[in-house]
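Colleague: This structure is in structure tokens; I'll ask about it shortly.
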Amino acid sequence: MQADSKSDAKVEEMSSSQTSSSSPSSSTASLQNKDAAAAAKSGLLSSVSPPSALPSFVPVPAAAAASNTAPAPLFHPTTFSPAIPADKASGEGVGVGKEGGGAGAVAGEGGFGLMGWVRGAVDTSSSIVSKVAEKAKSSVDTMITTLDPQMKELLSPSVLFEVVVTSEEEIEISPIREAFHQIFGSQKVTVRGVRGTQEEECVAGAVSAVQPVGFEAAQQKAWKRIEALRAALQQPGPVVAVESFITELSPDKWYDVHAIVLSDSSNGIVVETFSQMTPIPSSIVTLAQDDTPADYQHKAAGFAVDIATIMASNLHVHESEWHHALTGVSRRDMILLAAKSLVNIYKNSLQ
């Protein structure tokens, strides 16, 4: 009886050991359930053990599943182009991973890729860049011509002819220049004055009264200046002389006038115009007559004293500003209006 009971106990032990060895997964699951239950009771997520394997959400192709091979990555970067306009990305495939583009697509060959977009952006903005460059050049030219107005003539790329003014005073040169530029264009004509010894040669060749009196005296002095300049510079093209004079239209009615004479020997053209008249008090003319010596060499042509000097002294302004102080119209504006008429007539004569 005792032997039978011992054998029965061994049989039961063997069966229990087989049962435990045949179901390890059930024991592992029971352990995990126990851990989860313990974590739930304790309320600590850190005590929960991680899962044995992370889930994969990438679908496996049927062919790869059948062959038991690792599937190729299904994620292919496509046209990812942040901040790129739609018109730049359409039809060209701007993305760095465009299918079929290969290395050429990444490098920007054929208009693809980042470099292709940059090249296209630069091409479309070329007009803006050129405008900026043109504006910068214009600003530099403006600064140079402001410091020296006659430098504008040297910056003109397509000059057709040159005009020389027989003066070194900018108040006489600038209105002539403005008139020619308005009518012919700044790119077709240059206007400059004479300076230094050239001005002295013109004055020496135009020996006449300091203050011409009458239209004839003014015209003669202007022509002497033109002839002296041609002899000094060998200038066959247009030469302009500006001469200020006074005239008496009626007894004790004196006026200041500017005569402007243009001579173009190469085309055989001569044009003469006169500015508007500025009234002068007869007492000022009397002072000029009194200050002119009786034996003055050019007394027949005028006075030895400039009217502008006396007028400026009485009005307490500079000699070039007395017209504006008296009438509100500057001397430059008076010359400019007469110069526009002169240049228009000259242009019509050339046609």
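The values are calculated or read from the model by the stated rules, or taken from the named source; none is laboratory data. Nothing here was measured: the structure is a model prediction, and the numbers come from that model. Every residue, glycine among them, receives a Cβ derived from its backbone with ideal geometry; neighbour counts consider all protein chains shown. SASA here: full protein model, heavy atoms, side chains in, ligands and nucleic acids out. Shrake-Rupley method; radii C 1.70, N 1.55, O 1.52, S 1.80 Å.
Colleague: Hey, if we sort His298, His324, His318 by accessible area with the 1.4 Å probe, largest down, what's the order? Walk me through the intermediate numbers first.
Modeller: Values: His298 40, His324 95, His318 125 Å².
Sorted descending by solvent-accessible area, the residues read His318, His324, His298.
Colleague: Is segment 252-305 rounded, prolate or oblate when judged by the Cα gyration tensor, a ≥ b ≥ c being the square roots of its eigenvalues, rounded requiring a/c under 1.5 and prolate requiring a/b larger than b/c?
Modeller: On the way: a/c = 5.11, a/b = 1.74, b/c = 2.94.
Note, shape of segment 252-305 comes out oblate.
Colleague: Still on this structure, I have one more. Kindly sort Thr286, Thr247 by accessible area of their heavy atoms, largest first, with the probe set to 1.4 Å.
Modeller: Working: Thr286 65, Thr247 10 Å².
Most to least solvent-accessible, the answer reads Thr286, Thr247.
Colleague: Starting from the Cα-Cα distance between Lys347 and Val329, subtract it from 0.36 nm times their residue separation and give me the gain in nm to one decimal.
Modeller: Gain on stretching Lys347 to Val329: 3.8 nm.
Colleague: Could you tell me the calculated FRET efficiency between Thr286 and Lys188, based on Cβ-Cβ distance and R0 = 35 angstrom, to the nearest 0.05?
Modeller: 0.15
Colleague: With a Förster radius of 25 Å, plug the Cβ-Cβ distance of Ala300 and Ser250 into 1/(1 + (r/R0)^6) and report the FRET value to the nearest 0.05.
Modeller: 0.75
Colleague: What is the spin-label model distance, in nm, from Asn267 to Val132 if the labels are put 7 Å beyond Cα along the C-beta direction?
Modeller: Output for this residue pair reads 4.3 nm.
Colleague: Give me the accessible area of Leu160, 1.4 Å probe, in Å² rounded to the nearest 10.
Modeller: Surface accessible to solvent at Leu160 totals approximately 130 Å².
Colleague: Label-point separation (nm) for Asn314 and Gln276, each offset 7 Å from Cα along Cα-to-Cβ?
Modeller: Modelled inter-label distance: 2.1 nm.
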